[in-house]
1. Suppose we filter the range 140-168 for residues that are in a loop (DSSP other than H, G, I, E, B) and either more than 17 Å from the chain's Cα centre (by Cα) or among the hydroxyl-bearing types (Ser, Thr, Tyr) (or both); how many remain?
2. Working only within the range 58-110, note down all residues that are of a type in the set (Ser, Thr, Tyr), in a helix (DSSP H, G or I) and more than 30 Å from Ala40 (Cβ to Cβ).
3. Quick check: is even one residue across the range 244-252 of a type outside the set (S, T, N, Q) and within 30 Å of Ala60 (Cα to Cα)?
4. Output the number of the condition that Val137 fails; it satisfies all remaining conditions of (1) of a type in the set (Val, Ile, Thr); (2) more than 30 Å from Arg38 (Cα to Cα); (3) part of a helix (DSSP H, G or I).
5. In the set Gln272, Gln291, which member is open to solvent by 20 Å² or more (accessible area, probe 1.4 Å) and either modelled with pLDDT of 85 or more or within 18 Å of Arg82 (Cα to Cα) (or both)?
6. Within the range 332-344, can you find the residues that are within 23 Å of Gln90 (Cβ to Cβ) and loosely packed, with under 13 Cβ neighbours inside 10 Å?
7. Here's a check for you: in the range 141-156, which residue that is open to solvent by 60 Å² or more (accessible area, probe 1.4 Å) and without any contact (Cβ under 8 Å) to a residue 12 or more places away in the chain is farthest from Gln61 (Cα to Cα)?
8. Would you be able to say whether some residue in the range 78-101 is aliphatic (A, V, I, L, M) and open to solvent by 30 Å² or more (accessible area, probe 1.4 Å)?
Amino acid sequence: MNHILTTAFTLLIALLCCTSGAIAADSPSDDPLDKSTRYAWELGLQSLINTEQASRNLSAQLDLFLAEPSEASLANVRQEWRNCHQQWQQHAVWVALAKTQSRRFAALNRHYFVLDARELQPGYLDAVQDYPFSGIVNDISIVLTADSLRQQHGLTDPSEVSLGFHALEFLLWGEYGQRSFNDFLPITTINAEQNAAGLTTGDLPNNRRRTVLRLVNQVLADDVQRLRQDWQNPLSPISQTYLQLPPKMRLEFIQHTAHQLLGSELPDQLLQAIALDRTTHHNQFAGDTLQHNLAVLIGLEALLTQGESPLLSHLGGAAADPAWSQQLQSLIADLGELIQDKDGINTAKLSELLEQLPVLAAALATEKPAAE
């Protein structure tokens, strides 16, 4: 009996030691860089909290639209989509970071693929001009549930997108950004030909489109919440992946990602905004590519400059100079003014702003972080 108690006591002590060691590994230290990079993670959480609230507003407006489809109610739900998507784009630095270390941040990338896949085939989800009977909306063999849409998402190819912000965008705006509210009017009767074919009102495209719209929005709201919960939980796989990295490596990842965004991705997207080909824009159905870029810059500026010991203070060089952050803030203000110009986008001015991005990026230049 005493032997059993001794063994049990030994195992309990060992378990407590292991547990305390795990907690210690995830507990903040007095290292200023550790505190700063943990605060950066908290800023990522705040952007998700804001997106989660915006998704609730979107859901409420979508319910009003489906209750009474009209040109005005469609405009309202589109605006809420824009608001929600712009909140989400303030989280874009983390999306980009996870892509640069895709194997290390595999769990996080799985979240992002469901939420933010944008390289989509429109005809996979709904009818397009040359294929009026295509897509999940028109394929009555697919039972419409949240689970079935999850199964269809990326089923055989990453471009087979049935979920996320951009699936919802396509449903609301249509192929050429001119979707009519009439596409969402409920149909309550069927004609003789449809009856003879064995169709029910639930099989009709308008009604299925209404169901798909509601389900895609529901899954989006659920997945934003799930990501926020995982981000907030220090023991979740995505949090552990980041928090168990040495603080110096966290900083290197963020610095490299910021350099890539300012030096490559954002300039490319601004050039696309100047181009007349809408299909190259980030929000190819809704437009508002510049709003997207503004939100990304706002999120990046907050990540680098906020906190008692901001990340910039740990970088050294030109980026640590207050003039660098002032230049970034000035760029953000100028881009915001440009977007608000009632006379339309001044492409010459936009080109001037675009030239500032590589200059800002140069101050963040660093060797690529160690491979995964």
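1. 12
2. The answer is Ser73, and nothing else.
3. The initial filter retains those residues of the range 244-252 that are of a type outside the set (S, T, N, Q), namely 245-252.
In the following step, the residues that additionally are within 30 Å of Ala60 (Cα to Cα) were identified as none.
No, every residue in the range 244-252 fails to be of a type outside the set (S, T, N, Q) and within 30 Å of Ala60 (Cα to Cα).
4. (3)
5. Gln291
6. Of everything in the range 332-344, those that are within 23 Å of Gln90 (Cβ to Cβ) and loosely packed, with under 13 Cβ neighbours inside 10 Å turn out to be Ala333, Glu337, Gln340, Asp341.
7. Top of the filtered list is Thr156.
8. Keep residues of the range 78-101 that are aliphatic (A, V, I, L, M), which gives 92-93, 95-98.
Adding the requirement that they be open to solvent by 30 Å² or more (accessible area, probe 1.4 Å) leaves none.
The answer is no; no qualifying residue exists.
The values are calculated or read from the model by the stated rules, or taken from the named source; none is laboratory data. Because the structure is a prediction, the values reported are computed rather than measured. Glycine gets a Cβ as well: all are built from the backbone with ideal geometry, and neighbour counts include every protein chain shown. Keep in mind that these areas ignore ligands, DNA and RNA; they rest on the heavy atoms of the full protein, side chains included. Shrake-Rupley method; radii C 1.70, N 1.55, O 1.52, S 1.80 Å.
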